[in-house]
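The values are calculated or read from the model by the stated rules, or taken from the named source; none is laboratory data. Computed from a prediction, not measured in an experiment: that's the story for all the values here. A quick note on method: Cβ atoms are made from the backbone with ideal geometry, for glycine too, and the neighbour counts reach across all protein chains shown.
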Amino acid sequence: MANVTVIGAQWGDEGKGKIVDWLASRADAVVRFQGGHNAGHTLVIDGKTYKLSLLPSGIVSGTLSVIGNGVVLDPWALRDEVAKVEGQGVSITDDNLAIADNCPLILPLHRDLDGLRETAAGKGKIGTTGRGIGPAYEDKVGRRAIRVCDLAHLDTLEPQLDRLCAHHDALRAGFGQPPVDRAALLEELREIAPFVLRFAQPVWKRLKKVRRAGAKILFEGAQGVLLDVDHGTYPFVTSSNTVSGTAASGSGLGPNSTGFVLGIVKAYTTRVGSGPFPTELEDDIGQRLGERGHEFGTVTGRKRRVGWFDAVLVRQSCAISGVTGIALTKIDVLDGLEKVAICTGYRLRGKVYDYLPSHAADQAECEPIYEEMPGWSESTAGARSYADLPANAIKYIQRIQELIECPVALVSTSPERDDTILMRDPFVD
Ligand code: IMP
């Protein structure tokens, strides 16, 4: 398997950044295939920290970085991010960055709508990142989107803009907002167009060539399977398919290209935003794990909700996403706990479930069934081989492996690239 697809197997923030960085350093191309600048990937390379939202992680090491058609692209956010990363000494050219010319754009009107809806929803809000992701995907499937290739045809954009704005004006009127200023929007598009068009191309063609040459492709997923618009905790989800299958449709390569599917899994569970979370801990242990794990959102800075490891959810994610092996991250955050618990099933109205039911109300009522295990007082931080781990930490990892019915390919024991225990190399296996 020459290619690797990395996806989050929980609610995002599983620590994909470090793993992706390690794999990106060995890949010939890195591809983002869904989501947008709602993602936040932190890379620490040679002591320098890079915070990426939209740019694929390969960009820092000069690897060909591709933004696929499955992404929703905010061109102004991209320009800011490119300027920031270039300011850190990284060169970004049309040689190392390619953007799908059929990629839909996130416009200011999408951000407006995201905010208006969330404010109006009050307590029932989804807790989005406010980046306009959902409204942009809605316009894509509604066949009203302005896409990257439209930026080369701005002189004939008016009918498309009319259609898009008529839709948004009706929605805005419902929120008591003025209509979209079409002339101003067109002007903004004119101003940003040359910057985006510099990188625009049919990326499926470029990737086909790369693939034919036998290059290694890394598909870099954002968010996590439990935020998938079909398979996640709907409606408290993002608006894209976050499962591994999207690597193919979101980049223009076939399903036989995704290769080894590496599911990133945190040794406990976190979630940002609203929605069901059966194993959530609202006690001192939750507080402690949140502090030790620095559980604050990369994009919004929001405090993440924290809970015990939920083997039911991860087993479901691994099955849905065809995960070949998992990378278990942040095991060191559990160091020093007297006991650790794993959720092995749910109790719902007198019945036991070995999966998460689909209905939001059922999900909210699921009571976790726990299996407790002794913790470990020794430190796992920085361990680089299985033999360096305390016996109870090994038992915990082995039990997770059994319960999720998927092998552990690697264990990450600190944010440092080398603090990793490798059982199976995804690029070689
Ligand atoms: P949206 O993607 O901004 O529409 O937000 C929808 C839901 O997905 C919210 O609960 C967000 O907190 C969550 N979300 C979106 N992107 C990420 C991410 O990169 N990590 C974790 N949660 C995310």
Give me the pairs, please: first residue somewhere in segment 201-228 and within 12 Å of Val66 (Cα to Cα), second residue anywhere and of a type in the set (Val, Ile, Thr) and within 16 Å of the ligand (Cβ to nearest atom), beta-carbon distance under 8 Å, and either six or more positions apart or on two chains. Val203/Ile67; Leu218/Val6; Leu218/Val20; Phe219/Val6; Glu220/Val6; Glu220/Val20
Residue within segment 303-317 that is surrounded by 22 or more Cβ atoms within 10 Å (Cβ to Cβ), among the hydroxyl-bearing types (Ser, Thr, Tyr) and farther than 30 Å from Asp418 by Cβ present: no
Exactly one of (1) within 22 Å of Leu403 (Cα to Cα); (2) among the small types (Gly, Ala, Ser); (3) within 16 Å of the ligand (Cβ to nearest atom) is unmet by Ala319. Its number? (3)
Might you let me know whether segment 72-79 holds any residue that is touching a Lys or Arg at 6+ places or on another chain (Cβ under 8 Å), in the same structural domain as Leu207 (by TED's automatic domain parsing), within 16 Å of the ligand (Cβ to nearest atom) and not in a helix (DSSP H, G or I)? yes
Given the structure, is Arg144 in contact with a Lys or Arg (Cβ under 9 Å, 6 or more places away or on another chain), within 16 Å of the ligand (Cβ to nearest atom) and not in a strand (DSSP E or B)? no
Assess whether Arg315 counts as being in contact (Cβ under 8 Å) with a residue 40 or more places away in the chain and more than 23 Å from Ser379 (Cα to Cα). yes
Quick test for you: out of Asp388, Asp354, Asp425, Asp419, pick the one residue that is touching a residue at least 40 places away in the same chain (Cβ under 8 Å) and acidic (Asp, Glu). Asp354
Do we find a residue being within 19 Å of Glu118 (Cβ to Cβ) and out of contact with any Pro (no Cβ under 9 Å at 6 or more places or on another chain) anywhere in segment 241-256? no
When segment 120-165 is checked residue by residue, the ones that are surrounded by 11 or more Cβ atoms within 10 Å (Cβ to Cβ), without any contact (Cβ under 8 Å) to a residue 24 or more places away in the chain and over 23 Å from Glu187 (Cα atoms) are Ala121
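From Ala222, Ala215, which residue is surrounded by fewer than 24 Cβ atoms within 10 Å (Cβ to Cβ) and of a type in the set (A, V, I, L, M, F, W, C)?
Numbers: Ala222 fails: surrounded by fewer than 24 Cβ atoms within 10 Å (Cβ to Cβ).
After ruling out the rest, the residue left standing is Ala215.
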Under 30 Å from Phe260 (Cβ atoms) and not in a loop (DSSP other than H, G, I, E, B): which single residue out of Arg190, Arg206, Arg163 fits that description? Arg206
How many of the residues making up segment 11-39 are polar (S, T, N, Q) and more than 11 Å from the ligand (Cβ to nearest atom)? 1
Say we look at segment 113-158 and pick out the residues that are in contact with a Cys (Cβ under 9 Å, 6 or more places away or on another chain) and hydrophobic (A, V, I, L, M, F, W, C); which of these is farthest from Gly174 (Cα to Cα)? Cys149
Given the criteria modelled with pLDDT under 95, within 16 Å of the ligand (Cβ to nearest atom) and out of contact with any Asp or Glu (no Cβ under 6 Å at 6 or more places or on another chain), does Gly115 qualify? no
Quick check: is even one residue across segment 40-51 modelled with pLDDT of 95 or more and away from the ligand (no atom under 12 Å from the Cβ)? no
Could you look through segment 247-277, keep only residues that are within 16 Å of the ligand (Cβ to nearest atom) and over 14 Å from Ala9 (Cβ atoms), and pick out the one that is modelled with the lowest pLDDT? Gly273
Residues of segment 55-84 satisfying the condition of being under 20 Å from the mean Cα position of the chain (by Cα), over 23 Å from Gly254 (Cα atoms) and among the hydrophobic types (A, V, I, L, M, F, W, C): Ile59, Val60, Ala77, Leu78, Val82
Give segment 1-39 a look and list any residue that's basic (Lys, Arg), under 14 Å from the mean Cα position of the chain (by Cα) and at pLDDT below 95, or say none. Lys16, Lys18
Using beta carbons and a limit of 6 Å, which pairs, at least six apart or on different chains, have the first residue in segment 282-299 and in a helix (DSSP H, G or I) and the second one surrounded by 15 or more Cβ atoms within 10 Å (Cβ to Cβ)? Gly286/Val306; Leu289/Tyr268; Leu289/Val306; Leu289/Val333; Gly290/Val306; Arg292/Val333
Subset of segment 247-275, residues of a type outside the set (Val, Ile, Thr) and closer than 27 Å to Gln398 by Cα, comes to Gly259, Phe260, Leu262, Gly263, Lys266, Ala267, Tyr268, Arg271
